[in-house]
Amino acid sequence: MSQSPVDDFSEAALISYQQGWQALNRLLHEDRSFSGHERHCAYLNCGEGAFANVSAATGLDFAEDGRAIGTVDWNFDGLLDLWITNRTAPRVRFLLNQTETSNRFIALHLEGNGTTTNRDAIGARVAVEELERPLIRTKYAGEGFLSQSSGWMHFGLGRHNGAVQVEVKWPNGAPELFEGLEPNAFFILRQGAGSAERWTPPQESALFAGDAAAAELPPRSSEARIILPASLPLPPLKQLDAQGIASPLELEEGPTLINVWTTWCRPCHEELASWTQAAPRIRAAGLNVIAFNADEDESGRAQSAGVLEKMQFPFRSAVADPASLRALDLLQRASLDRWEAMPVPCSFLVDANGYVLAIYKGSFAVDTLLADMRLEGASPEELRNAAIPFPGVWTHDPPTPDPLRVTAQFVDFAMVQEGLDYLQKATAMDQRFRAGLFSQADFADRYLVAATLLKSQNMHEEALTTYGRARDLNPSDARVRGDLAAYHLERGRLEMAIEEWKAVLGLNPRDLEAASRLAVTQLRVGRAKEALVILDQLAALRPDQANFRYYQGLARQRTGDMKGAVEGIEQALALDPDHALAMNSIAWICATHPDAQWRDGERALALAGMLCDRTQNRNLPFLMTLAAAQAESGKFVEAVATTERARELLQGRAGGGSSSPADLATVEARLALFQTGKPYRDETL
């Protein structure tokens with residue numbers, strides 16, 4: 001896991017940091033622990049900086065992937081109890097402190113006055129005195145990772161039997177003394193009250209009743225019956241013929257069970273044999289069955305038909321295309337957000353519309369399958385209740401099906417086209433069969449992702465159409481409008497980009513990034529006055545932004561205000577001395593302006609020279625500026641050589657290349673000018 005960037009925020013450092021998080025995310029989803037299977041640890045403070053490992057003696061050494069711990073006197077007996085959360089089961093564990101002791105305690109709840117200090121008294125320093133050694137503690141808003149302990153401040157008094165006094169230094173710095181606090185009691189200390197208020201806990205906590213019992217976890221098993229509370233569409237599947245040619249696997253009418261099996265898997269054979277025996281019941285229930293062979297080698301695939309024929313398997317069979325097996329694997333990973341590889345046998349119960357109702361890892365009885373068929377057409381609430389093995393009270397609505405999670409799995413495994421195919425199929429199915437479960441914004445999100453994937457596959461016209469669908473479904477989504485604007489810009493549709501940037505600003509007038517991109521695009525199409533209005537506002541709002549200053553200067557130049565142009569570009573360079581565009585603009589003006597008052601050959605030469613050194617003479621506009629600066633300084637031999645280098649770069653003979661609008665004719669004309677010993681003057685300035 002990479003460390004957070006501290007002083008290196010380069011692109012390489014940020015990419016490395018992101019890759020570390022991605023690796024960690026994969027580790028967690030694959031149900032692997034990065035704790036090294038270490039047991040929980042508990043240490044006893046022995047004083048004088050010494051600690052004793054009492055993990056086993058206290059029973060706290062659970063072999064769990066623990067994350068957070070919180071302390072609280074849950075049953076108000078003066079003993080601190082523990083709540084622990086884990087990444088693995090049990091996700092939450094309560095530990096009741098049943099230590100037998102005659103030691104005493106005092107518990108304090110602080111309340112600030114809410115005016116000069118905060119109500120929770122965060123930051124208060126508390127000292128319990130009249131002891132052999134004072135006990136001092138500061139109240140914090142939080143002291144644990146992903147957790148927060150009780151707001152009560154608990155002090156162990158040992159065998160001290162007399163009253164104590166407590167000094168509180170409130171967050172505003174004012175001290176206050178509370179005297180006569182008896183041990184084994186709870187007190188509320190209110191700022192300014194001058195005396196403590198004794199608090200009596202309830203006879204029995206409403207949140208805790210009965211004896212604590214050890215958590216009984218079911219034994220680990222490779223078998224699992226998984227009901228999908230948010231059923232997902234089955235991905236497009238293909239089968240192989242005898243020649244290894246793939247064709248779509250079409251499902252028959254009605255619910256279907258797709259069983260992934262191999263010839264070398266004994267449980268697979270036993271399961272298929274049990275279905276053969278129960279064929280009359282299965283057919284009577286209206287369930288179709290497909291034995292989908294997953295053997296990786298050709299010999300195994302060839303033997304699969306013989307294995308089924310020998311047991312007189314009465315249902316349909318097919319040899320799975322490897323990509324289809326990967327698709328089923330990614331579907332089951334995404335369904336549980338637990339990225340374990342698909343085992344064999346593994347079965348997928350699909351309803352008549354093509355949605356996966358259940359996934360069975362390992363072998364399962366026919367009775368289970370037929371019972372689960374009744375879930376076809378069930379409501380989201382019914383599916384959710386069927387998905388858990390125990391009753392309970394739900395605190396939230398049923399989850400909404402999210403095919404984007406499956407698409408993300410495809411993309412993560414470099415199966416972009418397959419992910420796109422799945423997303424398009426899922427969207428078409430959901431719009432046809434269960435549009436009521438989703439909002440227009442939900443479908444817009446899918447089209448936005450689909451458009452991004454189409455773009456990555458260089459399917460630009462399809463991407464543009466899909467972006468448009470996302471926008472039409474949710475025209476108030478600034479994210480969709482912004483992505484569409486950027487795509488128009490990338491494809492050279494500048495006027496369309498401008499309209500979308502305007503729509504983004506209409507939705508969020510404070511989006512400075514959208515305003516900046518709108519202004520720059522307006523500059524590119526020659527609307528300098530419109531751009532200048534926006535850029536003046538941006539520069540006033542964020543005077544520290546070099547880019548805003550640079551484009552403000554450029555817009556002033558395009559409107560004929562050379563003094564304002566130079567001022568704006570110089571301000572950009574002052575804010576960012578390495579601003580390449582500002583350096584090049586100043587160098588160009590100093591080298592080519594028709595008015596001598598703006599020319600400064602020496603400065604132009606210095607700025608352009610630095611830019612070409614940084615880019616190793618591989619940037620065409622910088623080379624052309626350097627050549628103009630050399631000519632302005634009377635160094636025509638160097639100007640000719642630099643222009644020839646630019647020509648080679650433009651022609652591609654030097655292995656470079658450029659996206660500059662400058663063409664070969666312009667370079668040739670400039671070369672001819674320098675060969676006659678004349679500098680270049682840019683009349684457009």
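General remarks:
- Any hit, region 569-585, residues being open to solvent by less than 60 Å² (accessible area, probe 1.4 Å), of a type in the set (Val, Ile, Thr) and over 25 Å from residue 627 (Cα atoms): no
- Residue check, residue 169 open to solvent by 40 Å² or more (accessible area, probe 1.4 Å), touching an Asp or Glu at 6+ places or on another chain (Cβ under 9 Å) and under 13 Å from residue 191 (Cβ atoms): yes
- Some residue of region 361-371 being touching a Cys at 6+ places or on another chain (Cβ under 7 Å) and not in a loop (DSSP other than H, G, I, E, B): yes
- Each residue in region 185-214 was checked for being aliphatic (A, V, I, L, M), under 22 Å from residue 81 (Cβ atoms) and at pLDDT 95 or above, and 2 pass.
- Taking first residues from region 593-611 that are more than 15 Å from residue 581 (Cβ to Cβ) and partners that are of a type in the set (S, T, N, Q), the Cβ contacts under 6 Å between residues at least 6 apart in sequence or on separate chains come to 601/633; 605/633.
- Strands (runs of 3 or more DSSP E) contained entirely in region 27-134, each with at least 1 residues that are open to solvent by less than 50 Å² (accessible area, probe 1.4 Å) and within 18 Å of residue 155 (Cβ to Cβ): 43-47, 66-72, 81-86, 104-111, 125-129
- Taking helices (runs of 4 or more DSSP H) as the structural unit, those lying wholly within region 244-355 and holding at least 3 residues that are farther than 30 Å from residue 29 by Cβ correspond to 266-277, 279-284, 298-310.
- Any hit, region 369-391, residues being closer than 20 Å to residue 236 by Cα, surrounded by fewer than 19 Cβ atoms within 10 Å (Cβ to Cβ) and of a type outside the set (A, V, I, L, M, F, W, C): no
- Hits in region 317-341 - residues which are of a type in the set (Ser, Thr, Tyr) and either at pLDDT below 95 or open to solvent by less than 30 Å² (accessible area, probe 1.4 Å) (or both): 324, 335
- Among the candidates 285, 273, 318, 291, the residue that is over 44 Å from the mean Cα position of the chain (by Cα) and among the small types (Gly, Ala, Ser) is uniquely 273.
- Hey, residue 478 within 19 Å of residue 230 (Cα to Cα), open to solvent by 10 Å² or more (accessible area, probe 1.4 Å) and not acidic (Asp, Glu) or not: no
- Within region 288-316, the set of residues being open to solvent by less than 40 Å² (accessible area, probe 1.4 Å) and touching a strand residue (DSSP E or B) at 6+ places or on another chain (Cβ under 6 Å) comprises 288, 289, 290, 291, 292, 293, 294, 304, 308, 315.
- Whenever a residue of region 31-56 is within 30 Å of residue 342 (Cβ to Cβ), its partners that are charged (D, E, K, R) and at pLDDT below 90, lying with C-beta atoms within less than 8 angstrom and at least six residues away or across chains, give the pairs 31/338; 31/340; 33/65; 33/87; 35/65.
- Residue 457 free of Cβ contacts under 8 Å to residues at least 60 places away in the same chain, more than 18 Å from residue 335 (Cα to Cα), open to solvent by 60 Å² or more (accessible area, probe 1.4 Å) and more than 22 Å from the chain's Cα centre (by Cα): yes
- For region 626-636, the criterion of being over 29 Å from residue 567 (Cα atoms) and either open to solvent by less than 20 Å² (accessible area, probe 1.4 Å) or in contact with a helix residue (DSSP H, G or I) (Cβ under 7 Å, 6 or more places away or on another chain) (or both) is met by at least one residue.
- From 505, 473, 518, 494, residue being at pLDDT 95 or above, over 29 Å from residue 419 (Cβ atoms) and under 26 Å from the mean Cα position of the chain (by Cα): 505
- Whichever residue in region 231-262 is charged (D, E, K, R) and out of contact with any strand residue (DSSP E or B) (no Cβ under 6 Å at 6 or more places or on another chain) and, among such residues, is least open to solvent (accessible area, probe 1.4 Å): 241
- All told, residue 24 meets the bar of being over 19 Å from residue 82 (Cα atoms) and at pLDDT 75 or above.
- Single residue of region 1-21 satisfying the filter (surrounded by 12 or more Cβ atoms within 10 Å (Cβ to Cβ) and more than 14 Å from the chain's Cα centre (by Cα)) that is modelled with the lowest pLDDT: 2
- Test result for residue 417, open to solvent by 40 Å² or more (accessible area, probe 1.4 Å), under 24 Å from residue 478 (Cα atoms), out of contact with any Asp or Glu (no Cβ under 9 Å at 6 or more places or on another chain) and part of a helix (DSSP H, G or I): no
- For region 346-368, residues that are open to solvent by 30 Å² or more (accessible area, probe 1.4 Å), closer than 26 Å to residue 428 by Cα and of a type outside the set (A, V, I, L, M, F, W, C) total 1.
- Screening 607, 685, 671 for residues that are open to solvent by less than 20 Å² (accessible area, probe 1.4 Å), closer than 27 Å to residue 570 by Cβ and either modelled with pLDDT of 95 or more or not small (Gly, Ala, Ser) (or both) leaves exactly one candidate, 607.
- Checking each residue of region 551-571 against the condition of being touching a Leu at 6+ places or on another chain (Cβ under 6 Å) and under 23 Å from residue 620 (Cβ atoms) gives at least one match.
- Here is the figure for region 172-191: residues that are at positive phi and either polar (S, T, N, Q) or open to solvent by 70 Å² or more (accessible area, probe 1.4 Å) (or both) total 1.
- Qualifying position, being open to solvent by 50 Å² or more (accessible area, probe 1.4 Å), at pLDDT 95 or above and within 23 Å of the chain's Cα centre (by Cα), among 412, 442: 442
The values are calculated or read from the model by the stated rules, or taken from the named source; none is laboratory data. Predicted model, so just to flag it, every value in this text is computed and none were measured. Glycine gets a Cβ as well: all are built from the backbone with ideal geometry, and neighbour counts include every protein chain shown. Accessible surface areas use protein heavy atoms only, side chains included; no ligands, DNA or RNA. Shrake-Rupley method; radii C 1.70, N 1.55, O 1.52, S 1.80 Å.
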